[in-house]
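The values are calculated or read from the model by the stated rules, or taken from the named source; none is laboratory data. Note that the coordinates shown come from a computational prediction; the quantities given were computed from them, not determined experimentally. Cβ placement follows ideal geometry from the backbone for every residue including glycine, while neighbour counts extend to all protein chains displayed.
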Amino acid sequence: MIGQHRSTQRKQPIRRDDEDALTSAIIRLAEQFGRYGYRRITALLRNDGWHVNEKRVYRIWR
């Protein structure tokens with residue numbers, strides 16, 4: 001027994017390998033299409049071959 005509460009032990013989030021590339025792709029598309037929101041940017045990313053979810057794009061978008 002360590003003497004710590006179970007709630008203090010948290011799982012560390014794992015960062016994906018393509019996170020930086022996806023962020024730069026989102027920034028590039030946002031500069032090109034300034035009025036588009038995260039949903040349209042997600043559609044453009046999917047057309048470019050990215051397998052992304054709207055929630056993931058929204059998290060990076062914030």
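Output the residue which, of all residues in region 6-40 that are of a type in the set (D, E, K, R) and closer than 15 Å to residue 50 by Cβ, is modelled with the lowest pLDDT.
Only one residue fits best here, namely 16.
Checking each residue in region 8-30 for being of a type in the set (Lys, Arg) and within 10 Å of the chain's Cα centre (by Cα) picks out 15, 16.
Restricted to region 31-52, and to residues there that are touching a residue at least 12 places away in the same chain (Cβ under 8 Å) and part of a helix (DSSP H, G or I), the residue that is farthest from the chain's Cα centre (by Cα) is 44. Restricting the first member to region 2-26 and to residues that are surrounded by 10 or more Cβ atoms within 10 Å (Cβ to Cβ), and the second to residues that are in a loop (DSSP other than H, G, I, E, B) and among the β-branched types (Val, Ile, Thr), the beta-carbon pairs closer than 7 Å and six or more apart or on different chains are 22/52.
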